[in-house]
Amino acid sequence: MAMAPPSESPVRVPAILVHGGAGADPGDGRDELRAGVAAAARAGWRAFADGGRALDAVEASVRTLEDHPRFNAGRGSVLTSAGTVEMDASIMDGERLACGAVAAVSRVANPVTLARRVMEDERHVLLVADGAHAFARAVGLPECDPATLVTDRQRARLAAHAAGRGGTVGAVAVDRHGAVAAATSTGGMVGKHPGRVGDSALIGCGTYADSRLGAVSCTGAGEAIIRVVLARRALDLLQETDDAERAARLAVDLLVKDGRGDGGLILVDARGRVGFAHSTPLMPVAWMMPTLDAPRVPF
Ligand code: ASP
């Protein structure tokens, strides 16, 4: 189905939608999660106000959540079975189908920014582990001590053999020019095997953006998301249905049935219509668009 160009319905753009992970555990801190995703939506919105494009907005939002210790990305990432942090992140610019990603990185505070640098360098799409750290040094991104990323909360979760993931983070945006972008960042799964890479580093699985259609960021059981190439499939469903909410729901059904796993995703189409869905009990989301005075935080 052909979709109308963004210029036909300008009131919905720009728009930014963020998530704080389908495995988010509210514990006693639901308000903290709400405040965290709202702050991330505001950071993306500010990027637009400063003249930024969709790509700048998703990077700003994801950085905010990477810096927040309650989410499973950057500081606060879940730990591997060896007690270490290994993070995955990716970013995609829907204007040029340009993309960048990093996997199993432990020495950068903001993996989404490193992923963006990989994208902008244009030679490669995905850099991993020490090669990614060397690239970070070469492009002048500050190195951080991996110990600063480890929180007591995540040490305790590993010690308790807590299964699951925690709050992976992501953002999708469309700017006033109708360009879309998506970004995702995570510490992965609690107690994962060192070296395990999930969907969040894989373009088409955890992240995808195409300005002719929309942008998607996924969260949940990474192996299941990879099995069904979820982010790209969600955009196919968007093209078929021309309905962002319905496409998100159908994509999550696909994840559960064919992927045999749970999770969720956020989606924005090129006209600024937002959709999200999850098969897990909680996936914090927040969004901003021109019709709102403050981020909408519906959980
Ligand atoms: N998808 C992430 C991974 O498998 C985890 C999550 O989203 O909670 O690494």
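The values are calculated or read from the model by the stated rules, or taken from the named source; none is laboratory data. All figures in this text were calculated on a predicted structure; none of them were measured in a lab. Cβ placement follows ideal geometry from the backbone for every residue including glycine, while neighbour counts extend to all protein chains displayed.
Within region 8-20, if we keep just the residues that are assigned to a loop (DSSP other than H, G, I, E, B) and at pLDDT 95 or above, the residue that is surrounded by the most Cβ atoms within 10 Å (Cβ to Cβ) turns out to be 20. Of all residues in region 63-83, how many are within 15 Å of the ligand (Cβ to nearest atom) and farther than 16 Å from residue 24 by Cα? Selection size over region 63-83: 2. Reported count of residues in region 129-142, each being out of contact with any helix residue (DSSP H, G or I) (no Cβ under 8 Å at 6 or more places or on another chain) and not in a loop (DSSP other than H, G, I, E, B), is 7. With respect to (1) within 16 Å of the ligand (Cβ to nearest atom); (2) touching a Leu at 6+ places or on another chain (Cβ under 7 Å), the lone exception for residue 238 is condition (1).
Take the conditions (1) buried (at least 24 other Cβ atoms within 10 Å of the Cβ); (2) within 16 Å of the ligand (Cβ to nearest atom); (3) not in a helix (DSSP H, G or I); residue 200 misses just one of them, which is (3). When 79, 55 are checked against the criterion of being farther than 23 Å from residue 263 by Cα and either surrounded by fewer than 23 Cβ atoms within 10 Å (Cβ to Cβ) or hydrophobic (A, V, I, L, M, F, W, C) (or both), 55 stands alone in meeting it. Here region 212-232 is the region considered, the condition is being crowded, with 24+ Cβ neighbours inside 10 Å and within 18 Å of residue 181 (Cα to Cα), and the residue that is farthest from the ligand (Cβ to nearest atom) is 214.
This table checks each residue for (1) part of a loop (DSSP other than H, G, I, E, B); (2) out of contact with any Leu (no Cβ under 7 Å at 6 or more places or on another chain); (3) not hydroxyl-bearing (Ser, Thr, Tyr).
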| site | (1), (2), (3) |
| --- | --- |
| 56 | no, yes, yes |
| 68 | yes, yes, yes |
| 72 | yes, yes, yes |
| 84 | yes, yes, no |
| 107 | yes, yes, yes |
| 119 | no, yes, yes |
| 144 | yes, yes, yes |
| 148 | no, yes, no |
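Flag: residue 167 matches the condition of being within 14 Å of the ligand (Cβ to nearest atom), under 20 Å from residue 283 (Cβ atoms) and not in a strand (DSSP E or B).
Selection of strands (runs of 3 or more DSSP E) fully inside region 227-294 by the criterion of at least 3 residues being touching a Pro at 6+ places or on another chain (Cβ under 7 Å) and in contact (Cβ under 8 Å) with a residue 24 or more places away in the chain returns 285-288.
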